[in-house]
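The values are calculated or read from the model by the stated rules, or taken from the named source; none is laboratory data. These numbers come from a predicted model, not from an experiment. FYI the Cβ positions are ideal-geometry reconstructions off the backbone, even for glycines, and counts take in every protein chain you see.
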4 protein chains.
Amino acid sequence: MVRNWKEYLLPYHQTVDELLVKLNSLKQQFAICDQHNPIQTVTGRVKSVPSIKEKMRRRYISPDRLSQDMEDIAGVRIICPLIDDVYFLVDLLRQRTDMKVVEERDYIKHQKASGYRSYHMVFNYTVQTIHGPRSLLFEIQLRTMAMDFWSTVDHALHYKHEGKFPVELEKKLQDTARVSFDLDESMSKIKHALMRIKNKK
Amino acid sequence: MVRNWKEYLLPYHQTVDELLVKLNSLKQQFAICDQHNPIQTVTGRVKSVPSIKEKMRRRYISPDRLSQDMEDIAGVRIICPLIDDVYFLVDLLRQRTDMKVVEERDYIKHQKASGYRSYHMVFNYTVQTIHGPRSLLFEIQLRTMAMDFWSTVDHALHYKHEGKFPVELEKKLQDTARVSFDLDESMSKIKHALMRIKNKK
Amino acid sequence: MVRNWKEYLLPYHQTVDELLVKLNSLKQQFAICDQHNPIQTVTGRVKSVPSIKEKMRRRYISPDRLSQDMEDIAGVRIICPLIDDVYFLVDLLRQRTDMKVVEERDYIKHQKASGYRSYHMVFNYTVQTIHGPRSLLFEIQLRTMAMDFWSTVDHALHYKHEGKFPVELEKKLQDTARVSFDLDESMSKIKHALMRIKNKK
Amino acid sequence: MVRNWKEYLLPYHQTVDELLVKLNSLKQQFAICDQHNPIQTVTGRVKSVPSIKEKMRRRYISPDRLSQDMEDIAGVRIICPLIDDVYFLVDLLRQRTDMKVVEERDYIKHQKASGYRSYHMVFNYTVQTIHGPRSLLFEIQLRTMAMDFWSTVDHALHYKHEGKFPVELEKKLQDTARVSFDLDESMSKIKHALMRIKNKK
């Protein structure tokens, strides 16, 4: 087992700190260039030790496989106004030379049964420690504001309610997932209609 | 007219910096106390000089009345998961002894014609400068994630589209405002149903 | 004894965070006003739990007297170029309306036997928590860069050397304290000579 | 000439922001590993536009050679307790894989006529912009606290005193440079004496 969690997680904290600066800098560049800003907010966190342990049990991850098999110990979330923005950023992230895509999962086109939607990317990244360079994995989740709204409230409701979640309420929650999905669609349609008008001129 | 904008805006920047630390500290306290967190994100900004000038013209604000009549030169936005959270925070903010409520406007109960919803509070606040204490006004806008989604996309679409906005698209945007309003309502209903189940036990 | 240290120290962390923003804002104001900047750096820290416990034992502080009797749980340090800057800032801090001086100790005019010099101020400060306003004590230490150099190296040397410190080296360290004191004096003399030349013109 | 300075300097601001996070992370690693910390403070700045223009004139740098010939548009300063710490960090920086040394100048062994001492390193660094990767130069200055004290006060005195600096005061300033150099030497001697005692045991 990991003996000193504080030391073990240090490079992951470093990774999240560096990514927050790097991705917020992208946001600022879009703002200054006076384009539409595809980035609304960037947040990050290192998984807590209890959550890591719980996930190791659930997924049968052995301690010596932890850094290879748990890809979201360091995690960053990018919230975008619209769905187009998500795919635009996915492309931009793929072209970076300071992090390398290892895996992608598109839970927007293939949403989970619960109603959850997001685009997940796993990257390989190198931090410089006092003992030299060190490579590790981290995850970026990209989602629209409507997806983020739904999953935040979904999480808050399930979290508050220990024990079994009533079936009829679970169903109502899935209805709201569908409605927020429709909102993204409607907004995109309005945006594309506007772009057609603009291009005609 | 204001001669040195950089110097004029300095206490407003100081105000926003202090408020971001203070309100993010509230968020962190809720997180540690393991309660439902009514605060999702806190952001802040000082109005840009062109925006200040434009608003002075539009609202007929004379330079010598600027600091009294423009209440949102320093502005902070608090995004909450649910509507209940907004009113809970409004109450908490009213009880603070480091800022004093000067005005409140409830654009949630009384939404604007455009579909815009938010709760606005104006406060009096004192910063300590190198020339002694200085009082000024600032504004806090509180809204749910669904309201924030709508107004962000609404802003992005209008911003992109210089010139007249087509009537049928404006109508569709108002439909989306209604849908996102319904989303807040549905989520609140699920939450209250859960609380009734909990209290019965 | 304190049951939950994380919760107990939360308002102290909040205090340090707010003070760092407030005092760095002073530094920035001096920089923009293009005056001589009396502030070189501002740093802050909350005392670690082991250090708090060790000091409670050493000073016979009972748990129920902790918040009144230990004044430096939250601590901020201001480093100034010259001695005049220290006293100028002491005066400025006394005039603030957001913190109230409770005690002052001038270890510059009355240096400790070890050679240590600094100006200590204890303040009463109110933070706003999710349970309402809360008053507490914090300490500001002001010192020149030369004083800071000496006490940092003094600390590093003693820290590295567990066990008894050889008498002849202790003596040499006190020599360096005297030399760094003389450096402050010489720099002040040069500064005052320059000011006399300036005023003659 | 550069048309839009704000846009031109954006990647330099990004560089300084990333370096501050990276180098402060090193400092934190040393602190957690409970070793002697060779890093006291890390600061950074982007050169102001007036300073860039002034240096272009003074050094005959043409606008199209600006990014290659001015190496300190982005600059970071690392302050160390002792001289050994400076050379230890120089070595550590040389081994990083995220920045590449282009040039080194040792103004500690070869101090300037004015009394100025510091170790300068120029690096090549790549930032990721919204238009793809972009390479640029930046400078790190490493110095002890005693060197930093001297050069800060030296700068403040010259800055305050427009016009010719009186010869006898210039001489006294050079005396203080010598004294602060001796301080570094004395501290190093005490440290090495302590290490010899330790190793004998």
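Kindly establish whether B:V167 is on the phi < 0 side of the Ramachandran plot, at pLDDT 90 or above and not small (G, A, S).
No: the conditions fail for B:V167.
When the residues of region D:122-147 are narrowed to those that are within 14 Å of chain C (Cβ to nearest Cβ) and assigned to a strand (DSSP E or B), which ends up surrounded by the fewest Cβ atoms within 10 Å (Cβ to Cβ)?
Filtering region D:122-147 for residues within 14 Å of chain C (Cβ to nearest Cβ) gives D:143-147.
After this cut, where a residue has to be assigned to a strand (DSSP E or B) as well, the list is D:143-144.
On the way: D:R143: 24, D:T144: 29.
So the residue we want is D:R143.
Criterion first (touching a His at 6+ places or on another chain (Cβ under 7 Å) and either outside the structural domain of A:V101 (by TED's automatic domain parsing) or closer than 16 Å to B:N37 by Cα (or both)) does A:F149 satisfy it? Walk me through it before giving the result.
Working: touching a His at 6+ places or on another chain (Cβ under 7 Å): no; either outside the structural domain of A:V101 (by TED's automatic domain parsing) or closer than 16 Å to B:N37 by Cα (or both): yes.
So A:F149 does not fit the description; no.
Quick one: would you say A:V179 is among the hydrophobic types (A, V, I, L, M, F, W, C), touching a Pro at 6+ places or on another chain (Cβ under 6 Å), free of Cβ contacts under 8 Å to residues at least 40 places away in the same chain and in a helix (DSSP H, G or I)? Step through it out loud before you land on a result.
On the way: among the hydrophobic types (A, V, I, L, M, F, W, C): yes; touching a Pro at 6+ places or on another chain (Cβ under 6 Å): no; free of Cβ contacts under 8 Å to residues at least 40 places away in the same chain: yes; in a helix (DSSP H, G or I): yes.
When the stated conditions are applied, A:V179 does not pass them.
Are there strands (runs of 3 or more DSSP E) fully within region C:1-106 with at least 3 residues that are surrounded by 14 or more Cβ atoms within 10 Å (Cβ to Cβ) and among the hydrophobic types (A, V, I, L, M, F, W, C)? List them. I'd like the intermediate steps shown before the answer.
Details: elements: C:41-46, C:74-80, C:100-106.
The qualifying strands (runs of 3 or more DSSP E) are C:74-80.
For B:Y116, state whether it is surrounded by fewer than 19 Cβ atoms within 10 Å (Cβ to Cβ), under 17 Å from the mean Cα position of the chain (by Cα), farther than 30 Å from C:P133 by Cα and more than 9 Å from chain A (Cβ to nearest Cβ).
Judged against the criteria, B:Y116 is a match.
For region B:2-28, what are the residues that are of a type in the set (S, T, Y), touching a residue at least 24 places away in the same chain (Cβ under 8 Å) and at the interface with chain C (Cβ under 10 Å from one of its Cβ atoms)? Before the answer, list the steps.
If we filter region B:2-28 for residues that are of a type in the set (S, T, Y), which is where we start, we get B:8, B:12, B:15, B:25.
Next cut, touching a residue at least 24 places away in the same chain (Cβ under 8 Å) only: B:12, B:15.
The one that is of a type in the set (S, T, Y), touching a residue at least 24 places away in the same chain (Cβ under 8 Å) and at the interface with chain C (Cβ under 10 Å from one of its Cβ atoms): B:T15.
Working only within region B:149-174, note down all residues that are of a type outside the set (A, V, I, L, M) and either facing chain A (nearest Cβ under 7 Å) or touching an Asp or Glu at 6+ places or on another chain (Cβ under 8 Å) (or both). Quick ask: steps written out before the conclusion?
Applying the first criterion (of a type outside the set (A, V, I, L, M)) to region B:149-174 yields B:149-152, B:154-155, B:158-166, B:168, B:170-172, B:174.
Correct list: B:F149, B:T152, B:K160, B:H161, B:P166, B:K172.
In the list D:D69, D:D34, D:D64, which residue meets the criterion of being under 18 Å from the mean Cα position of the chain (by Cα) and not assigned by TED's automatic domain parsing to the domain that holds D:K171? Full working, then the answer.
Values: D:D34 fails: under 18 Å from the mean Cα position of the chain (by Cα); D:D64 fails: under 18 Å from the mean Cα position of the chain (by Cα).
The match here is D:D69.
Can you pull out the residues in region B:107-129 that are of a type in the set (A, V, I, L, M) and either at pLDDT 95 or above or touching a strand residue (DSSP E or B) at 6+ places or on another chain (Cβ under 6 Å) (or both)?
Filtering region B:107-129 down to residues of a type in the set (A, V, I, L, M) leaves B:108, B:113, B:121-122, B:127.
Those that are of a type in the set (A, V, I, L, M) and either at pLDDT 95 or above or touching a strand residue (DSSP E or B) at 6+ places or on another chain (Cβ under 6 Å) (or both): B:I108, B:M121, B:V122, B:V127.
Can you say whether A:I197 is within 14 Å of the chain's Cα centre (by Cα) and not in a strand (DSSP E or B), as far as the supplied structure shows? Write out each step before concluding.
Numbers: within 14 Å of the chain's Cα centre (by Cα): no; not in a strand (DSSP E or B): yes.
In short, no.
Condition (residue is farther than 22 Å from B:L20 by Cα and either at pLDDT 95 or above or within 18 Å of the chain's Cα centre (by Cα) (or both)) applied to region B:86-101: is it met by at least one residue? Lay out the reasoning, then the answer.
As a first pass, look at region B:86-101 and keep what is farther than 22 Å from B:L20 by Cα: none.
No; the residues of region B:86-101 include none that is farther than 22 Å from B:L20 by Cα and either at pLDDT 95 or above or within 18 Å of the chain's Cα centre (by Cα) (or both).
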